[in-house]
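Novice: Let me begin by handing over the structure; questions about it come next.
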Ligand SMILES: C[S@@+](CC[C@H](N)C(=O)[O-])C[C@H]1O[C@@H](n2cnc3c(N)ncnc32)[C@H](O)[C@@H]1O
């Protein structure tokens, strides 16, 4: 189909941007698909930092990276993305080329453990000083599960509040997607 699903569109955009040697952040490692995608784009020479609050998720991510032979270029943090200031190396400040938020709950995991508006927005705010000029943050929101619509609204409010001179935000979604509607926000920093 000529119009790609949001997750595909997100990866296509990131593929155009990322190069070996870049630094990237996966704010919600989950099953590790996005971490692996980022690692393939920035290695060799680059680095991926990945956060998740569930040990189970980081185990899955670690295994996935190990099988793909990409583990050496990734640092996994068992912590909330809201606390990223405390975990990222100081040398990365202002140099992250991409950051990926794939919100909601872990597929195949505990559906009660979801990303939350407060910590998601706190992470997005903290991230502003870590992003490189020309960098891109993608935020995939799922509106269909309990709490998803509230989180989507908080992300949208945050994005609307960004100064046009500092960042541009693209919002993409299918108007007729039946359930579990997804919205992709792409924040492009100047
Ligand atoms: C939709 S899944 C991510 C999917 C993942 N990117 C992948 O490629 O498989 C959302 C993940 O966010 C994690 N999460 C929830 N709250 C979080 C927080 N405050 N900080 C970091 N991760 C969080 C959940 O544990 C879950 O694994």
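Just so it is clear, none of the values below were taken in a lab; they were calculated from the coordinates. All values reported here derive from a predicted model rather than from experimental measurement. Please note: Cβ atoms are built from the backbone with ideal geometry, for glycine as well, and neighbour counts cover all protein chains shown.
Novice: Is at least one residue of the stretch 58-78 surrounded by 15 or more Cβ atoms within 10 Å (Cβ to Cβ), within 11 Å of residue 100 (Cβ to Cβ), touching a helix residue (DSSP H, G or I) at 6+ places or on another chain (Cβ under 6 Å) and in contact (Cβ under 8 Å) with a residue 40 or more places away in the chain?
Specialist: no
Novice: Inspect all residues belonging to the stretch 55-68 and state whether any of them is more than 10 Å from the ligand (Cβ to nearest atom) and not in a helix (DSSP H, G or I).
Specialist: The initial filter retains those residues of the stretch 55-68 that are more than 10 Å from the ligand (Cβ to nearest atom), namely 59, 62-63, 65-68.
Then keep just the ones that are not in a helix (DSSP H, G or I); that gives none.
Within the stretch 55-68 (the criterion being more than 10 Å from the ligand (Cβ to nearest atom) and not in a helix (DSSP H, G or I)), the answer is no, since none of the residues qualifies.
Novice: Out of the residues in the stretch 75-105 that are in a helix (DSSP H, G or I) and away from the ligand (no atom under 14 Å from the Cβ), state the one that is nearest to the chain's Cα centre (by Cα). Even if it seems obvious, please write down each step before you answer.
Specialist: First, pick out the residues of the stretch 75-105 that are in a helix (DSSP H, G or I): 81-86, 90-92.
Going one step further and asking which of them are away from the ligand (no atom under 14 Å from the Cβ), we end up with 90-92.
Values: 90: 20, 91: 20, 92: 16 Å.
Per the criteria, the residue is 92.
Novice: Another question about this same structure. Tell me which residues, restricted to the stretch 10-41, are under 21 Å from residue 128 (Cβ atoms) and away from the ligand (no atom under 15 Å from the Cβ).
Specialist: 13, 17, 18, 22, 23
Novice: Contact list please: Cβ distance under 6 Å, first residue in the stretch 104-119 and closer than 11 Å to residue 30 by Cα and touching a residue at least 40 places away in the same chain (Cβ under 8 Å), second residue part of a helix (DSSP H, G or I) and near the ligand (Cβ under 8 Å from one of its atoms), pairs at least six apart or on different chains.
Specialist: 106/57
Novice: Where residues in the stretch 106-143 are more than 10 Å from the ligand (Cβ to nearest atom) and under 12 Å from the mean Cα position of the chain (by Cα), which of them is surrounded by the most Cβ atoms within 10 Å (Cβ to Cβ)?
Specialist: Taking the candidates together, the pick is 139.
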